[in-house]
1. At 222 nm, what value in deg cm²/dmol follows for the chain if DSSP H runs of at least 4 each add -39500 (n - 2.57) and the sum is divided by all its residues, to the nearest 500?
2. Find which of Ile59, Leu8, Ile35 sits farthest along the positive direction of the dipole of the chain, computed with +1 on the beta-carbon of Lys and Arg, -1 on that of Asp and Glu, about the Cα centre.
3. Which of Ser32, Ser61, Ser18 ends up with the largest GNM mean-square fluctuation for the chain, with Cα atoms connected below 10 Å?
4. For an R0 of 30 angstrom, estimate the FRET efficiency from the Cβ-Cβ distance between His4 and Gln24 and round to the nearest 0.05.
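The numbers here are math on the coordinates, done by the rules we state, and not lab data. These figures come from a predicted structure and were not determined experimentally. Because the Cβ atoms are built from the backbone with ideal geometry, glycine has one as well, and the counts that use them run over all protein chains shown.
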Amino acid sequence: MGKHFGNLARVRHVITYSLSPFEQRAFPNVVSHGIPNVGRRFASQVLKVVPPLATGYLIYSWGTQEFERLKRKNPEDHEQHN
């Protein structure tokens with residue numbers, strides 16, 4: 001009746017390996033190795049990431065406050081001097 005979809009082409013000199021789903025362990029050593037690894041990686045990158053983010057936030061907040069300050073009218077400029 002023809003070839004099935006997965007067997008349409010003949011590929012030579014290609015070796016594939018697979019493991020049965022029943023032999024795989026989905027989350028091996030997550031608690032004993034995974035969590036400490038996340039902590040170690042976070043600690044190694046925090047000094048590279050936090051200072052630029054903090055600087056950017058401080059510049060942004062200063063700029064927003066300065067914009068709001070400059071947007072206001074100065075009451076002394078509009079006083080009527082008689």
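1. Theoretical 222 nm ellipticity from helices: -16500 deg cm²/dmol.
2. Selected residue: Leu8.
3. Ser18
4. That pair, His4 with Gln24, gives E of 0.75.
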